[in-house]
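Single-structure report; data block below.
The values are calculated or read from the model by the stated rules, or taken from the named source; none is laboratory data. The model shown is predicted, which means the values in this text are computed figures rather than measured ones. Because the Cβ atoms are built from the backbone with ideal geometry, glycine has one as well, and the counts that use them run over all protein chains shown.
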Amino acid sequence: MKLSDPRIIAALPELGVERIRGASVAERTSLGIGGTTDLLLIRRRSALPALIRLLRVGGIAYKFLGGGTNLLVKDGELPWVVLQLARQEPEMRLEGNTAQVDAAADLGRTVTFCAKNDLGGMEGLIGVPGTVGGALRMNAGAYGTQIGSYVRQVELYRAAEAKIETLWEKQISFEYRHTSFAPDDIMLAVKLELPSKPYREILQGIRICNEKRRSSQPLNQKSAGCIFKNPAGGSAGRMIDELGLKSFSVGDARVSERHANFFVNAGQASCADMLSLIEKIRQRVHASYGVELENEVILWTQ
Ligand code: EPU
């Protein structure tokens, strides 16, 4: 969508918002799929309620993009503008065992920064791509660790109230790849409380997780991580693998040979290719196991 309302365009600089015209969403997502639209880069967090009000009044649909690492976006000219937080400096601060982290900070960088300051606990999250805000929303997890376990406070734009609020851990529920945040809430910052651990010990844990990940996941290919959530007590990847569906493809959208719950863009996959692959695999698993796999990947395909 191209913004054309001169009143909206004129108000953006005052709000500390930079407009990138005709931005490629494919270039901003790990799958490398997605069309073009105006991207609004938010430098001043406090201006978010005013920006959203401005868009609402102007009848402009919008979506909020985090790190784009768990997302499938449709092709062509997109019918909404995309909002994204610009990176801030400094993006993290420590106070004792508490790390105050901006939502736009890279998750891996956060884990490493905390480790260098002898704060551990998040070793399992080291290879999870994306931002801290995205990890929070989804309660990202790996190797027995989930980010929600360390959250003490979250600052967010609360869509229902149209204002910025702070929530304490008790006000948020974190479950497997699910949280109680509303779909249109926007994460702004988090306070994590982490256990003290010597850097060398944390580094050892990080190395082990990196090694496990490298040997089981297609890290050098374009993907959105796992496509489906694991069903209770089961593994989506194992089921797809057992059905002999590794390398099964629709156009350039392909089930990874390394991990069957990763679907890769092996070239010029379109959103329609990837969606069709997802549905075909879901049906095959349902037909054989009677299990309806639920998406883990977020779809912006309508
Ligand atoms: N397996 C196969 N074939 C495959 C893939 C897996 O047989 O192609 C088997 C493995 O051998 C293992 C079992 O399935 O016995 C589970 O596999 P794995 O340890 O790779 O874990 P997963 O359940 O497939 C989950 C998360 C990953 C996370 C890993 C490591 C989900 C949907 N996936 O994968 O998270 O990195 O555990 O903790 O919960 C993500 O969220 O995007 C993601 C990649």
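Sub-8 Å Cβ pairs linking a first residue in region 197-222 that is under 20 Å from Val111 (Cα atoms) to a second residue that is assigned to a helix (DSSP H, G or I) and near the ligand (Cβ under 10 Å from one of its atoms), at least 6 apart or interchain, are Gly205/Gly124; Cys209/Gly124; Leu219/Arg213, ordered by first then second residue. Only one of the listed residues (Lys212, Lys246) is at pLDDT 95 or above, assigned to a loop (DSSP other than H, G, I, E, B), near the ligand (Cβ under 10 Å from one of its atoms) and of a type in the set (D, E, K, R). That residue is Lys246. All of Leu3, Leu40 fail the test of being modelled with pLDDT of 95 or more, of a type in the set (A, V, I, L, M, F, W, C) and surrounded by 19 or more Cβ atoms within 10 Å (Cβ to Cβ), apart from Leu40. Which residues, counting only those in region 110-139, are among the β-branched types (Val, Ile, Thr) and within 12 Å of the ligand (Cβ to nearest atom)? If the condition is that a residue be among the β-branched types (Val, Ile, Thr) and within 12 Å of the ligand (Cβ to nearest atom), then Ile126, Val128 are the ones that fit.
Would you call Ala287 assigned to a helix (DSSP H, G or I), away from the ligand (no atom under 11 Å from the Cβ), under 20 Å from Ala26 (Cα atoms) and small (Gly, Ala, Ser)? So Ala287 fails the test. Checked against the criterion of being within 15 Å of Leu65 (Cβ to Cβ) and in contact (Cβ under 8 Å) with a residue 12 or more places away in the chain, region 113-121 has no qualifying residue. Against the list (1) crowded, with 17+ Cβ neighbours inside 10 Å; (2) in a helix (DSSP H, G or I); (3) more than 10 Å from the ligand (Cβ to nearest atom); (4) in contact (Cβ under 8 Å) with a residue 40 or more places away in the chain, the condition Val264 fails is (2). Candidates in region 134-178 are the residues that are out of contact with any Ser or Thr (no Cβ under 7 Å at 6 or more places or on another chain) and among the polar types (S, T, N, Q); of these, the one that is surrounded by the fewest Cβ atoms within 10 Å (Cβ to Cβ) is Gln171.
Among residues of region 123-150 that are at positive phi, those with a beta-carbon under 9 Å from a residue that is within 12 Å of the ligand (Cβ to nearest atom) and among the polar types (S, T, N, Q) at least six positions away or on a different chain give the pairs Gly130/Ser30; Gly130/Thr69; Gly130/Asn70; Asn139/Gln146.
Just one residue in the set Glu294, Glu257 is over 26 Å from Glu175 (Cβ atoms) and either within 11 Å of the ligand (Cβ to nearest atom) or of a type outside the set (Asp, Glu) (or both); that residue is Glu257. State whether the residues of region 225-237 include one that is more than 10 Å from the ligand (Cβ to nearest atom) and over 18 Å from Ile33 (Cβ atoms). Yes. Every condition in (1) surrounded by 19 or more Cβ atoms within 10 Å (Cβ to Cβ); (2) more than 20 Å from the chain's Cα centre (by Cα) is met by Lys280 except one, and the failing one is (1).
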